[in-house]
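Worksheet: the structure to be examined is printed underneath.
Every number in this text was worked out from the coordinates using simple rules, so none of it is lab data. Everything quoted here is computed from the prediction, not taken from an experiment. Glycine also receives a Cβ, built like all others from the backbone with ideal geometry; neighbour counts cover every protein chain displayed.
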Amino acid sequence: MDSPGDAVVVAYDLFDPTANVTITWDVVSWTPDGYVAVVKMNNYQMYRQITSPGWTLGWTWAKKEIIWSMVGAQADDQGECKEFSSDIPHSCEKNPRIIDMHPGAPYNQQFPNCCKGGILTSFGQDPAGSLAAFQLSVGNSGNTYGTVSLPKNFALLGPDRGYTCSPVSIVPPSVSLSSGGRRKNRALMTWQLACSYSQLMASRTPTCCVSMSSFYNSEITPCPSCACGCINGENCVKSYSTISRAISPLSEGTAPMKQCTQHMCPIRVHWHVKKNYKAYWRVRITITNFNYNLNYTKWTLVAQHPNLNNVARVNGFIYKPLVVYDTINDTGMFYGVEKLENDLLLEAGTNGSVYSEMILRKDEKMFTLNDGWGFPRKVYFNGDECIMPLPVSYPSLPNSVLPVSDIGQVVMIQVLVAILYQLL
């Protein structure tokens, strides 16, 4: 794993300004040649999760430390342990890389909040699933507060290289409760660091785009051409039938196999203004996966629109407002429902999409269908900002001389006129 050094690149997120993955290292006991520590990873990002194939946490030891044993996770390489003839350490690597264990791991190797295959849900979607933890026994280290040395150069893959981590620092010891909450237990020593995400570091190209349509215009506004790159003959396939049926799921180091499209984005979000009622209006949101070998587990969608301050009902998805600033409520998060089995966005094909319909209550002071007002200002998928069409290409209202505010009535009148014309 490449080391990010001691500098952290902070990418300010307008809708989640305090987002980070906080890593806490608690020394819980001293041993003859080191200590036992519990490491916790808290994903405090409201709508960005760590997806399959999962997180990898790495660091550089300050001395010649080794890992005697681990519970709840494992080093991906034992390293060179030729100095040990009998008791062989779990890892002798100077720069260990730690990976999570999968569900169903042997009971004696499990630890609370472990064994999720490296997947961490976003804090806003599932706080319980946003925590990972493991225990390790460290040797060849100091075994007192004054002699132990802190690891350095922490790096987090989640699973891409979009994260950079701050320097590690000693903080007040963590406190846990026992005896039904009646007794406080303190760690012997605690250090902490925070890892922040940058979309520009994670990918050179965008990962999603937005298309639009409406009931009042038969034309569809597609994703911008080459929004996520252009077809070069090698980066996509025209259809699933042209590739092997035995295509394997995506793993670390494997490039996603995408369907050839004019936008070349792995994900497309389509926003359709479906109906206009007297006091409400309806929107249909469809998310389509163009990857042939990648499913999206526990996906999230974030949209910004001024009328999200008055959502009446959402069918198919769960909706949560993101009120970052007390006086502004124009941004919300959508995600799938496990019981409806749409929290998993399947690979491209007949089932490679999920959708929801949303009913919003009109605010007569602001509501209009003019100038593309009914479409979102920003859209994020899995925490990455999607490419929007140019405003001049948004679906426009039909030319009409009728001074009627409700476009639904306009369309109905036009249909009635056409029928009467046929009868005459």
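Mean-square fluctuations from a GNM of the chain, with a 10 angstrom spring cutoff on Cα atoms, peak among Glu83, Glu347, Glu338 at Glu83. Sparsely packed loop sites in segment 278-349 (the chymotrypsin sites (Phe, Trp or Tyr not before Pro) outside DSSP H, G, I, E and B with at most 12 other Cβ atoms within 10 Å) do not occur. The 3J(HN,Hα) values that the Karplus relation (6.51, -1.76, 1.60; θ = phi - 60°) gives for segment 280-286 are, in residue order, 9, 9, 10, 10, 10, 10, 10 Hz. Gly and Pro appear as x. Each part gets one Cα centre, and for segment 199-222 versus segment 288-359 those centres are 15 Å apart. In this Cβ point-charge picture (+1 for Lys and Arg, -1 for Asp and Glu), segment 275-351 has a dipole of about 400 debye about its Cα centre.
Candidate cross-link partners of Lys116 among the lysines, defined by an alpha-carbon separation under 21 Å and a same-chain spacing of 8 or more, comprise Lys40, Lys298, Lys339. Recomputing percent of Cα pairs over 33 Å apart from the coordinates shown identifies the correct label among (i) 45; (ii) 32; (iii) 27 as (i).
When you restrict to C-alpha pairs under 8 Å that are six or more residues apart and normalise by the size of segment 254-402, the relative contact order lands at 27 percent. Computed from the C-beta positions of Ser178 and Val323 and an R0 of 30 Å, the FRET efficiency is 0.25 to the nearest 0.05.
The spacing between segment 115-189 and segment 39-109, judged by their C-alpha centroids, is 12 Å.
Determine, from the Cβ-Cβ distance of Gln262 and Phe84 and an R0 of 45 Å, the FRET efficiency 1/(1 + (r/R0)^6), rounded to the nearest 0.05.
Calculated transfer efficiency: 0.15.
Using a Cα-Cα cut-off of under 17 Å, which aspartates and glutamates could be cross-linked to Lys184, ignoring same-chain neighbours fewer than 8 residues away? Within reach: Asp26.
Placing unit charges on the Cβ atoms only, positive for Lys and Arg and negative for Asp and Glu, gives the chain a dipole magnitude near 880 debye about its Cα centre. By the rule of a C-alpha distance below 18 Å, with chain neighbours fewer than 8 residues away ignored, the lysines paired with Lys362 are Lys274, Lys275, Lys278. Relative contact order of the chain: 16 percent, from C-alpha pairs under 8 Å at least 6 residues apart in sequence.
Restriction of the trypsin sites (Lys or Arg not before Pro) in segment 45-93 to DSSP coil positions whose beta-carbon has at most 16 other beta-carbons within 10 angstrom yields Lys63, Lys64, Lys82.
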